[in-house]
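Let me begin by presenting the structure, written as structure tokens, before commenting on it.
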Amino acid sequence: MTPDHNRTGPARRFLLDIPDQWQQADLSGVAMARVRARALAAAATPGEQARINDMFRQGRELAAAARRHGALLAVGTADMYPDGLFLAYGMVFAVSMPVGQELTLPVLSAQLGTATAGEVPADRVVTTAQVPHVGTVARVTGTETARVTADVSVKLLTMHTMMPVPGGDQDFLVVTLVSPNLPLKSEVYDLFDAVSSTFRFVEDSVAV
């Protein structure tokens, strides 16, 4: 599946290849309900059922938050595997750096607003990555704490990859990918890197 959006200016679109199992936009619809029912049926204890319900509630809240923050794209997946439930969500945001400020962690955090205000993940890493169709880009990873409700928060494996908009020195599209499956950290980040690496800008005149 390759969503494309003419949201970066009159002459450009972006493309992002997402796995076939991922769905665009409505993450709380019929397909999510089916997976939730299967996951609950496979749960061995009431505690496990409660954890599954919490994970799906987190998914609905993340989708709503993406829309509130003006996400250009929101996708997600909920899949049952032999070793358990896997959830992941992806968003693309437009971010403009304030004039005169460089791309720094405090500026990025303030723009994205993903984590709970004032908290910096202990395992946060700011680095660079190679995106084949974009080049060298800034990337931030870490286990962020996001607020689901007024009294409930959740820890999420998070990867933000900054894609500079051609011709706009202060403008970026940020590919944000998150998952509550903390024990699968290495596998999740490998998946997120693979998805982010498919990002590219295309001219309107280019057939896709």
Checked pairs for the stretch 82-95, first farther than 27 Å from A50 by Cβ, second open to solvent by 10 Å² or more (accessible area, probe 1.4 Å) and among the polar types (S, T, N, Q), C-beta under 6 Å and 6 or more apart or across chains, list as V95/Q111
So how many residues does the stretch 169-190 have that are closer than 19 Å to V134 by Cβ, surrounded by fewer than 21 Cβ atoms within 10 Å (Cβ to Cβ) and touching a residue at least 12 places away in the same chain (Cβ under 8 Å)?
-> 3
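Out of the residues in the stretch 18-48 that are open to solvent by 90 Å² or more (accessible area, probe 1.4 Å) and not basic (K, R), state the one that is modelled with the highest pLDDT.
Result: D20.
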Of the numbered conditions (1) modelled with pLDDT of 90 or more; (2) open to solvent by 60 Å² or more (accessible area, probe 1.4 Å), A150 satisfies every one except a single condition; which is it?
-> (1)
Checked against (1) modelled with pLDDT under 90; (2) out of contact with any strand residue (DSSP E or B) (no Cβ under 7 Å at 6 or more places or on another chain), A115 satisfies every condition except (2)
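The values are calculated or read from the model by the stated rules, or taken from the named source; none is laboratory data. Keep in mind the model is a prediction, meaning the values are calculated, not measured. Cβ atoms come from the backbone with ideal geometry, glycine included; neighbour counts cover every protein chain shown. Surface accessibility is based on the protein's heavy atoms, side chains included, excluding ligands, DNA and RNA. Shrake-Rupley method; radii C 1.70, N 1.55, O 1.52, S 1.80 Å.
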